[in-house]
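No value in this document is a laboratory result; all are computed from the given coordinates. Treat the numbers as computed from the prediction; the structure is a model and nothing was measured. Cβ placement follows ideal geometry from the backbone for every residue including glycine, while neighbour counts extend to all protein chains displayed.
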Protein chains: 2
Amino acid sequence: LKVALLGYGTIGSGVFELIEKNNKIINENYGHNVEIVKILVNRLKKYKNDANFNLFTDQFEEIKSSKPDIIIETIGGILPAYDYITYFLSKGIPVITANKDLIAERGSELIILAKDNNTIISYEASVGGGIPILKPLQECLAGNEITSISAVINGTTNYILTQMYENNETYDKALENAQAMGFAESDPTSDVEGFDAIRKLAILSSIGYKKNIKWSDLPTQGISNITDLDIVYAKTENLKIKLMAYSQNIDGTVYGAVRPVFITLNSKYAQINNEYNAVILEGDSVGELMFTGKGAGKYPTASAILGDLIDIIQNKKRYPEGLYEEVSNLQHYYPNPSHYVVRFKVDEIDSLTSKLFNIFYEHGIKISRMQDQSVVYVQVFSENEKKLIDTLESIREEITCDYSHYIIYEK
Amino acid sequence: LKVALLGYGTIGSGVFELIEKNNKIINENYGHNVEIVKILVNRLKKYKNDANFNLFTDQFEEIKSSKPDIIIETIGGILPAYDYITYFLSKGIPVITANKDLIAERGSELIILAKDNNTIISYEASVGGGIPILKPLQECLAGNEITSISAVINGTTNYILTQMYENNETYDKALENAQAMGFAESDPTSDVEGFDAIRKLAILSSIGYKKNIKWSDLPTQGISNITDLDIVYAKTENLKIKLMAYSQNIDGTVYGAVRPVFITLNSKYAQINNEYNAVILEGDSVGELMFTGKGAGKYPTASAILGDLIDIIQNKKRYPEGLYEEVSNLQHYYPNPSHYVVRFKVDEIDSLTSKLFNIFYEHGIKISRMQDQSVVYVQVFSENEKKLIDTLESIREEITCDYSHYIIYEK
């Protein structure tokens with residue numbers, strides 16, 4: 001079987017190595033010899049001393065003329081990946097991709113194209129790196145109604161938040177470390193602003209709830225405005241901060257969002273640190289299942305791609321999956337009564353406390369202790385988010401302040 | 001599609017309910033109507049007031065003549081399940097089973113029979129209840145060499161040990177509670193002596209290491225000799241006790257065992273309590289993956305069976321899997337240097353301490369604190385198990401005592 005590899009960055013080179021390493025085992029167990037026949041790269045010169053230089057090309061035409069049986073796309077981003085993938089799918093050639101941007105953005109279209117051409121597009125690696133999650137969700141849990149999906153699904157932000165918490169790093173320094181470790185890209189926007197996580201949540205939620213859920217319709221808040229002081233506050237309150245992706249099926253409508261949350265130390269997420277990811281799926285029959293592992297990185301991601309490859313070799317996935325046409329109605333507030341942390345940034349701390357207490361009191365919202373610095377933290381007990389937001393708006397009418405509110409997640 | 005259900009106990013009735021509940025969704029998503037046409041039970045009279053009484057039979061002949069397309073077996077045990085399953089496999093009819101005893105005992109034979117008749121036997125539910133584990137291991141991780149498998153995989157023993165630890169229950173009382181909760185069977189031998197866990201470990205390890213591994217070749221130790229005092233000792237040392245299934249791939253040979261271990265409180269297993277199960281798979285590419293959920297129970301197990309059913313409906317599993325003919329060479333000692341707890345039961349405590357210290361010292365084994373009661377506990381630091389066992393044998397030559405040694409598991 002001839003495989004063409006599009007892209008040879010971290011993931012692509014990992015795939016190349018793993019295929020070389022496992023070729024014999026794949027042949028023994030599945031009766032097919034897998035051979036990488038061409039590798040598409042941007043800068044061909046970079047590889048001129050590579051032992052496999054003859055495999056590299058910067059011409060898509062050469063990929064075409066290598067007549068591949070299977071395409072593995074590891075370029076990332078929408079273009080030109082989209083053009084390459086649609087070319088091969090329309091020829092009936094199966095495509096494996098780790099490209100969450102593309103799947104979240106144009107997944108339905110690609111799945112339809114694959115179906116129309118009697119082939120498939122596989123994308124296990126697009127969510128959770130090496131953690132098997134899409135296939136278990138789609139296949140093993142097919143007899144369940146999925147009721148909620150929660151996840152710490154972006155390794156970069158989890159690394160940054162862990163470093164801030166454990167090593168008292170500043171946000172900037174922690175981001176710099178993440179970049180040095182290869183967890184964060186030079187432009188970290190997609191990670192730190194939550195776009196990577198929301199795309200993965202949209203993919204998971206579409207499959208889980210069997211609905212068409214667009215990532216761009218879901219509220220997304222990243223970690224770039226989490227401060228050192230927030231971490232100090234979290235510690236004093238026995239909380240941690242995580243960037244959480246959460247969605248819930250509410251009688252056929254869906255709430256989904258990515259936002260920083262304060263978690264309690266006995267939350268299942270409290271042990272998920274640094275580059276680790278975790279996904280908790282809740283099904284009506286199976287109850288709660290948790291999947292944990294490295295959510296990114298060269299070999300974990302390549303491992304997921306190899307899983308897809310071996311499925312295709314065995315001709316197991318003959319029908320494209322994950323196409324749900326019915327667009328879901330969305331809910332806009334967190335659907336469960338919850339405790340919250342509200343952070344107020346104000347000019348004059350002194351006069352604030354009593355005013356704040358009064359307004360919460362007037363709205364019948366129970367709150368607890370606060371902390372005096374340039375910032376005031378308030379904990380709100382067991383309220384609906386809508387009511388809290390209304391109250392916060394009333395506060396802003398009376399007090400000049402900036403505020404953010406965060407769920408306290410206990411599960 | 002006509003389904004015949006063999007057995008209508010906890011699991012069987014769960015499967016019946018889930019199929020009834022999900023029939024419409026299965027039809028919408030996979031284009032097949034699934035109908036349960038016959039249910040084989042032992043005591044027909046028991047169901048005479050059941051609304052579906054006409055589906056029940058105590059005659060296997062009636063199951064045959066119902067001409068099922070798919071068999072779901074939930075009877076458990078070797079006979080008569082084996083006879084029924086072989087009958088249908090030899091007719092080319094696919095079988096889904098939750099029967100870990102049968103799969104661990106005669107799995108290879110059934111897989112060959114299925115293969116020879118161009119059909120399949122599916123058994124995701126046999127390990128980990130509702131936790132998707134066999135499929136992720138076999139398919140998603142196919143591009144990995146699996147290096148180790150650890151698991152808390154028997155809900156009954158985990159429930160008993162948790163109750164002893166958290167609620168200071170005696171072993172007998174905790175077992176009684178487990179039976180009252182429906183976690184333990186009236187004859188709990190298979191659970192408490194570790195046979196259930198070792199069968200599951202053998203199934204996982206065979207798939208993981210692609211070798212034929214017989215459960216009966218693996219050392220198995222249950223929890224029936226864990227005492228209240230052991231629990232007290234564990235607490236004072238910040239340890240917990242778990243029944244752990246552990247196997248490791250050592251250059252093509254395999255160590256595998258079920259045994260009680262002391263785990264540290266920051267072990268990943270420390271949070272896996274009561275009926276919860278967890279499996280940690282380590283692959284050379286993917287690193288460590290952890291899967292957690294309810295490992296048994298009516299609906300979780302039925303959920304796994306439905307996953308298999310929907311695979312069969314989609315005709316996805318056309319080749320039987322999990323047949324590994326090469327018998328593995330086994331290692332007999334825990335393959336990693338480890339800390340241990342050694343429990344000595346002696347007649348005369350007073351004279352013992354210095355003798356014990358001396359013998360450990362002579363063997364160059366570092367130990368730490370002990371505890372005086374009718375029992376003496378010794379902690380041994382970072383030794384090979386073989387050396388520890390040799391030393392313990394020397395001790396028995398000099399001191400009349402009973403002893404057991406337990407790994408301290410830290411991961």
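Descriptive notes on the structure:
- Taking the number of Cβ atoms within 10 Å of each Cβ as an exposure proxy, the fewest-first ranking of B:R199, B:R396, B:R106 is B:R396, B:R106, B:R199.
- Fluctuation leader among A:I250, A:I103, A:I75 - chain A, Gaussian network, Cα springs under 10 angstrom: A:I250
- For peptide B:217-224, the mean count of partner chain Cβ atoms within 10 Å of a residue's Cβ comes to 0.
- Prolate/oblate/rounded label for region A:19-72 (Cα gyration tensor, a/c 1.5): oblate
- Fraction of beta bridges assigned by DSSP in chain B that are antiparallel (%, nearest 5): 70 percent
- Over region B:34-190, the hull volume per residue, using the convex hull of the C-alpha atoms, is 167 Å³.
- The Cα atoms of region B:255-334 give a gyration tensor whose axes a ≥ b ≥ c have a/c of 1.5 or more with a/b no greater than b/c, which makes the shape oblate.
- Shielding by other protein chains, A:294-302, mean Cβ within 10 Å: 3
- Per-residue ³J(HN,Hα) for region A:144-150, Karplus 6.51 cos²θ - 1.76 cosθ + 1.60, θ = phi - 60°, Hz, x for Gly and Pro: 10, 8, 7, 9, 7, 9, 10
- Acute angle (nearest 10 degrees) that the helix B:10-30 long axis makes with the longest principal axis of chain B, alpha-carbon atoms: 60 degrees
- Other-copy label distances relative to A:N384, 7 angstrom Cα-Cβ extension, nm: 6.7
- Each residue of region A:42-56 is assigned a 3J(HN,Hα), and the resulting list reads 7, 10, 4, 4, 4, 9, 5, 9, 6, 4, 9, 3, 4, 7, 7 Hz, derived from the Karplus form 6.51 cos²θ - 1.76 cosθ + 1.60 (θ = phi - 60°), x at Gly and Pro.
- Summed residue charge, Cβ within 12 Å of B:A257's Cβ, Lys/Arg positive, Asp/Glu negative: -1
- Each label point was placed 7 Å from the Cα along the Cα-to-Cβ direction; for A:N329 and B:T253 their separation is 6.5 nm.
- In order along region B:60-77, the phi-based Karplus estimate (6.51 cos²θ - 1.76 cosθ + 1.60, θ = phi - 60°) of 3J(HN,Hα) comes to 4, 4, 5, 5, 4, 6, 7, 6, x, 8, 9, 10, 10, 9, 10, 6, x, x Hz; Gly and Pro are listed as x.
- Residue of A:S150, A:S382, A:S122 that the Gaussian network model of chain A assigns the largest fluctuation, springs spanning Cα pairs under 10 Å: A:S382
- Most mobile listed residue (B:I85, B:I399, B:I70) in chain B, GNM with C-alpha springs under 10 Å: B:I399
- Within chain B, the percentage of alpha carbon pairs spaced more than 34 angstrom apart rounds to 36%.
- Note that region A:1-114, at 4 °C in a medium of 1.567 mPa s, gets a Stokes-Einstein diffusion coefficient of 89 µm²/s from its Kirkwood radius over C-alpha pairs.
- Label point distance in nm, B:I25-B:N117, each placed 7 Å from Cα along Cα→Cβ: 3.1 nm
- Charge sum, other residues only, whose C-beta stays under 13 Å from B:A234's C-beta, Lys/Arg counted +1 and Asp/Glu -1: 0
- Above-threshold pairs, the threshold being 19 Å between Cα atoms, out of A:K268/B:K173; A:K268/B:K411; B:K2/B:K24; A:K135/A:K210; A:K173/A:K268; A:K135/B:K21: A:K268/B:K173; A:K173/A:K268; A:K135/B:K21
- For the protein assembly as shown, the fraction of C-alpha pairs more than 55 angstrom apart is 14%.
- Amide H contacts for B:V254 (H built 1.01 Å from N in the peptide plane; partners 5 or more residues away or on another chain; cut-off under 5 Å): B:N329, B:L330, B:Q331.
- For region B:92-171, the spread of Cα positions along each principal axis, largest first, Å: 53, 28, 19
- Gyration tensor verdict on region B:120-159 (Cα atoms; rounded if a/c is under 1.5, prolate if a/b is larger than b/c, oblate otherwise): oblate
- Each copy carries a label point for A:K214 at 7 Å from Cα toward Cβ; from one copy, the others' points are 6.2 nm away, ordered from shortest.
- Exam field: B:Y87 pseudo-label spacings to other copies (7 Å along Cα-Cβ), nanometres: 5.9
- Between 0 and 90 degrees, the angle of helix A:298-313 with respect to the longest Cα principal axis of chain A falls at about 50 degrees.
- Extent along the principal axes, Cα only, for region A:220-288: 40, 24, 23 Å, with the longest axis given first.
- Counting only DSSP beta bridges with both residues in the protein assembly as shown, the antiparallel share comes to about 70 percent.
- Most simply put, region A:144-302 has about 95% antiparallel DSSP beta bridges, counting only bridges with both residues inside it.
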